[in-house]
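First up is the structure itself, then whatever we jot down about it.
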Amino acid sequence: MRLCSYLHNERSGYGVVQDGLVFGIGSVLGPSHPTLASLLAEEDFLESCKQAISLSEGLPLSDIAFEPPIPNPGKILCVGLNYHDHMVETQHMPTQHPTLFTRFADSQCPHERPMLLPLASTQFDFEAELAVIIGRGGRNIEVDAALDHVAGYSCYNDGSIRDWQTHTSQFLPGKNFPRTGSFGPFLVTADEVPDPQALAITCRLNGVTVQAANTSQMIHSVASLIAYISRFTALSPGDVIATGTPGGVGFARVPPLFMKDGDVVEVEIERVGLLRNGVASDIR
């Protein structure tokens, strides 16, 4: 099942996407589940979705404006250096534990809305990633049970402002300029992705493939990331984990390849979907 959050007539909603239509199940389930994140907390949310479809209006996708699948996650936890080829191209040494940083919700934008090149830099880089959306929360989750806590998956572009990212050893400034990351278009439920470690992942810039890999190449698997993260923080429904990018990023190329005003960048992941964004200069 494909779920999305959206705007229609300036009102927020969420729905199930089928046959080119989005069925606004939020209008049915809203009294008990005002957001998609709150619905994911339900143990059998898929059954609730199925029952609500027949009571929901179907809108053409062309009539809505996408929001990120989870517009305001409680946590956005991002993984750095999680593919060996990316670790090599960035001249980092392997570490025993995952490299983690956080993003803020306003650093994200949805499918088909421009990512913003900030005034402070021209070093705007692309990073195709698999996003994991938590359904059942918890602490101290065991690796063997970790995927049971996943509601679904999405595409993520962890857009990076490289010079700000390297001001110090902490990545946070270069990852949190407004609308520099993108997320969407759909949350594809976990039952449609039986193995998150067997997905082709691709990034294209202006139609040219710049990253091509498979999630089997992750150093830390989705399950091990959930287990590790849940040791130090409680995971909650709607939390997002961006699992890292493969090699091919722009700043590691000779000469460097950065996104600029007017570019179009796409992240495509097998079974999960295609996330497309233009790039525009931030005028603020």
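For the stretch 184-201, does any single residue satisfy the condition of being over 20 Å from Cys4 (Cα atoms), surrounded by 20 or more Cβ atoms within 10 Å (Cβ to Cβ) and assigned by TED's automatic domain parsing to the domain that holds Ala145? Yes, there is a match, as at least one residue in the stretch 184-201 is over 20 Å from Cys4 (Cα atoms), surrounded by 20 or more Cβ atoms within 10 Å (Cβ to Cβ) and assigned by TED's automatic domain parsing to the domain that holds Ala145. One residue alone among Ser38, Ser56 is small (Gly, Ala, Ser) and not in a loop (DSSP other than H, G, I, E, B), and that residue is Ser38. For the stretch 26-45, a residue qualifies if it is hydrophobic (A, V, I, L, M, F, W, C) and either in the same structural domain as Glu192 (by TED's automatic domain parsing) or within 16 Å of Pro69 (Cα to Cα) (or both), and the qualifying residues are Leu36, Ala37, Leu39, Leu40, Ala41, Phe45. The residues listed here are Ala120, Ala131; of these, the one that is among the hydrophobic types (A, V, I, L, M, F, W, C), in the same structural domain as Pro178 (by TED's automatic domain parsing) and in a loop (DSSP other than H, G, I, E, B) is Ala120.
The rows are residues; the columns are (1) closer than 29 Å to Pro114 by Cβ; (2) buried (at least 23 other Cβ atoms within 10 Å of the Cβ); (3) out of contact with any Pro (no Cβ under 8 Å at 6 or more places or on another chain).
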site: Ser5; (1), (2), (3): yes, yes, no
site: Asn9; (1), (2), (3): yes, no, yes
site: Tyr14; (1), (2), (3): yes, yes, yes
site: Leu59; (1), (2), (3): yes, no, yes
site: Ala65; (1), (2), (3): yes, no, no
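Within the stretch 19-65, the residues that satisfy the criterion of being under 21 Å from the mean Cα position of the chain (by Cα) and more than 29 Å from Gly138 (Cα to Cα) are Val22, Leu61, Ile64, Ala65.
Okay, residues lined up against (1) free of Cβ contacts under 8 Å to residues at least 40 places away in the same chain; (2) assigned by TED's automatic domain parsing to the domain that holds Gln211; (3) of a type in the set (A, V, I, L, M); (4) farther than 24 Å from Ser221 by Cβ:
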| position | (1), (2), (3), (4) |
| --- | --- |
| Gly15 | no, no, no, yes |
| Gly24 | yes, no, no, yes |
| Ser56 | no, no, no, yes |
| Asp85 | no, yes, no, no |
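The set of residues from the stretch 81-110 being under 19 Å from Gly247 (Cα atoms), assigned to a strand (DSSP E or B) and among the polar types (S, T, N, Q) comprises just one member, Thr99. Ala223 passes every criterion in (1) part of a loop (DSSP other than H, G, I, E, B); (2) on the phi < 0 side of the Ramachandran plot; (3) out of contact with any strand residue (DSSP E or B) (no Cβ under 6 Å at 6 or more places or on another chain); (4) buried (at least 21 other Cβ atoms within 10 Å of the Cβ) apart from (1).
Condition check ((1) out of contact with any strand residue (DSSP E or B) (no Cβ under 7 Å at 6 or more places or on another chain); (2) in a loop (DSSP other than H, G, I, E, B)) across all residues:
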{"residue": "Gly184", "(1), (2)": "no, no"}
{"residue": "Pro194", "(1), (2)": "yes, yes"}
{"residue": "Gln211", "(1), (2)": "no, no"}
{"residue": "Gly238", "(1), (2)": "no, yes"}
{"residue": "Ile241", "(1), (2)": "no, no"}
{"residue": "Val254", "(1), (2)": "yes, yes"}
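Just so you know, in the stretch 47-57 the residues that are crowded, with 16+ Cβ neighbours inside 10 Å and at pLDDT 95 or above include one that is nearest to Leu187 (Cα to Cα), and it is Cys49.
Per-residue answers, yes or no, for (1) farther than 30 Å from Leu119 by Cβ; (2) part of a loop (DSSP other than H, G, I, E, B); (3) at pLDDT 95 or above; (4) over 15 Å from the mean Cα position of the chain (by Cα):
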position: Cys203; (1), (2), (3), (4): no, no, yes, no
position: Ser230; (1), (2), (3), (4): yes, no, yes, yes
position: Gly244; (1), (2), (3), (4): no, yes, yes, no
position: Ala280; (1), (2), (3), (4): no, no, yes, yes
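The values are calculated or read from the model by the stated rules, or taken from the named source; none is laboratory data. From a predicted model like this one, the values you see are computed outputs, not experimental measurements. Cβ: placed from backbone, ideal geometry, glycine included. Neighbour counts: every protein chain shown.
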